[in-house]
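The values are calculated or read from the model by the stated rules, or taken from the named source; none is laboratory data. Model, not experiment: these values are computed from the prediction. Cβ placement follows ideal geometry from the backbone for every residue including glycine, while neighbour counts extend to all protein chains displayed.
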Amino acid sequence: MDNYNMDFSAIDEVLKDITDNNESFSRYVDMFIDGDEKFSFQGVFNNIINTLNNEIAGVKGLFAEMIVIIIIAAIFINFSKALKSKQVSETGFYVTYMLMFMLLSVTFTGLSDIAEGILDNLLAFMQALIPSFFLTVTYITGSSTAVVFYQSALGVIGIVDMCIAKVFLPAVNMYFIFSMLNPLLSEDFFSRFITLMEKLILWGLKSIFTLVAGIGLIQGMIIPAAAGMRRGVVGKALTSVPGVGNTVGQVAESVYGAGILIKNAVGVSGLIIIVIICGAPMIRFLVYSLVMQTGAAITQPAANDKRMIECLSAASNASKMLFYVVGMASVLFIITIAIVTLSTGIGG
């Protein structure tokens, strides 16, 4: 079915800028329409495993630097205990803490920039995908139904842009800064504020997910059913025409089935591209979070300094929250496409 005459050039231009994958969007659509066996979900899984291995290999340098700093901290602290000198202990702590702070700050800044870039890429891709995707939805359900879903999808883009990219991502950066600053202070000034920020970020992301998923499910249950009723009435009217009614009805059903196939192929291709855009960075966030948490676990018996442990644990939590932020943005787009794809494929 190579003659469905849809132009995906705008999507392909975006993909050239945001992915290293040379496959065009139209190629993915063709593979799903034709049932091409060259596409394999096993291949996607293998790519994820390879990405995980590459990230683990790339993080060895960070882990080695953390271990060196932890050893220096342990030497300072244990040496000061032997001399019973608090001044030496504090000096050693501040020296090692500043080394760790610089290391973690550079690392987290890089991760935050990656998260920001991923959100920008997701928004660019969805803005290019939506017109083509909802053109196929219009073909299946009619313009009135497609307009409602189209407005809902634009609303999700607005939520990701205004809330996740411009509110929650900067909030995670602020959480990291205060988490690094608090152990340096003579007293515990910001622990309550840090805990509050973490809860607000996580609760906010969960609330957005609940809102978008709830609205999408309600629309998916009601709107296609109404469109299906209208289509059923039109179908019966066509089949009732004397002489040619059955032929017209069969042609209409064939065209409708082809439209569903194209629409599903576009939707599934969109889901695959979202996974490609977000998969590797999200794995990176988890790997870095695990490395920093491992560093905190090593610090506890080696240096036995609560402040250094808090520093590493906070950096681990901040990396994990970057994973939540990017993951939530991708999930919002995935459920939006999935709900529209599934709900408009039935009811006719």
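Looking only at segment 66-98, filter to residues that are within 30 Å of Ile283 (Cβ to Cβ), of a type outside the set (Ser, Thr, Tyr) and buried (at least 16 other Cβ atoms within 10 Å of the Cβ); which one of those is modelled with the lowest pLDDT?
Within segment 66-98, the match that is modelled with the lowest pLDDT is Ala73.
Restricting the search to segment 327-348, which residues are surrounded by 24 or more Cβ atoms within 10 Å (Cβ to Cβ) and touching a Cys at 6+ places or on another chain (Cβ under 9 Å)?
Ala329
For Gln127, state whether it is more than 23 Å from Ile272 (Cβ to Cβ) and either in contact (Cβ under 8 Å) with a residue 24 or more places away in the chain or assigned to a helix (DSSP H, G or I) (or both). It would help to see each step written out before you state the result.
Details: more than 23 Å from Ile272 (Cβ to Cβ): no; either in contact (Cβ under 8 Å) with a residue 24 or more places away in the chain or assigned to a helix (DSSP H, G or I) (or both): yes.
So Gln127 fails the test.
Every residue in segment 187-198 that is free of Cβ contacts under 8 Å to residues at least 40 places away in the same chain and in a helix (DSSP H, G or I), please.
Taking segment 187-198 as the starting set, the residues that turn out to be free of Cβ contacts under 8 Å to residues at least 40 places away in the same chain are 187-193, 195-197.
If the condition is that a residue be free of Cβ contacts under 8 Å to residues at least 40 places away in the same chain and in a helix (DSSP H, G or I), then Ser191, Arg192, Phe193, Thr195, Leu196, Met197 are the ones that fit.
Could you check, for segment 173-186, whether at least one of its residues is assigned to a loop (DSSP other than H, G, I, E, B), modelled with pLDDT of 70 or more and more than 33 Å from the chain's Cα centre (by Cα)?
Quick first cut of segment 173-186, residues assigned to a loop (DSSP other than H, G, I, E, B) only: 185-186.
Those still in the list that are modelled with pLDDT of 70 or more too: 185-186.
Remaining after also requiring more than 33 Å from the chain's Cα centre (by Cα): 185-186.
For segment 173-186, residues assigned to a loop (DSSP other than H, G, I, E, B), modelled with pLDDT of 70 or more and more than 33 Å from the chain's Cα centre (by Cα): present.
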